[in-house]
Amino acid sequence: MLLDEYNDIPYKVINFLGAEINYGGRVTDDKDFRLIKTILKLYMNRDSLKDNYKYSESGIYISPAVGTLEDYLEYIQSLPLNPSPEAFGLHDNADITNA
């Protein structure tokens with residue numbers, strides 16, 4: 001309903017609903033709350049609708065171009081079986097503490 005009421009997608013409102021309303025009441029740590037807001041801004045923005053929008057610095061995780069089901073499956077199968085920390089928005093050093 002929200003999207004039907006606007007000519008343009010209200011990304012600021014959607015991010016607010018996600019971070020502050022849906023998750024905000026469940027998060028007690030202020031740093032976790034900031035992290036949620038930052039991650040949502042990365043995934044819910046105008047640029048994320050563009051072909052090959054990069055969700056990570058390496059460019060492994062992208063918004064693939066519009067295509068067929070086979071195109072999407074091929075992209076998904078090309079992703080690493082064991083994702084690096086960047087897949088979760090973390091620094092590469094996060095893998096060190098996990099080892």
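The values are calculated or read from the model by the stated rules, or taken from the named source; none is laboratory data. Just so it is clear, the structure is predicted and the values come from calculations on it, not from any experiment. Positions of Cβ are backbone-derived with ideal geometry, glycine not excepted, and every protein chain shown enters the neighbour counts.
For region 59-78, does any single residue satisfy the condition of being in a helix (DSSP H, G or I), at pLDDT below 90 and surrounded by 11 or more Cβ atoms within 10 Å (Cβ to Cβ)? Within region 59-78 (the criterion being in a helix (DSSP H, G or I), at pLDDT below 90 and surrounded by 11 or more Cβ atoms within 10 Å (Cβ to Cβ)), the answer is no, since none of the residues qualifies. Scanning region 33-92 for residues that are touching a residue at least 40 places away in the same chain (Cβ under 8 Å) and either out of contact with any Gly (no Cβ under 9 Å at 6 or more places or on another chain) or not assigned by TED's automatic domain parsing to the domain that holds residue 15 (or both) yields a count of 1. Being among the hydrophobic types (A, V, I, L, M, F, W, C), assigned to a helix (DSSP H, G or I) and either at pLDDT 90 or above or under 16 Å from the mean Cα position of the chain (by Cα) (or both) is a property that residue 81 lacks. Scanning region 84-98 for residues that are exposed (fewer than 12 other Cβ atoms within 10 Å of the Cβ) and either in a loop (DSSP other than H, G, I, E, B) or among the aliphatic types (A, V, I, L, M) (or both) returns 91, 92, 93, 96.
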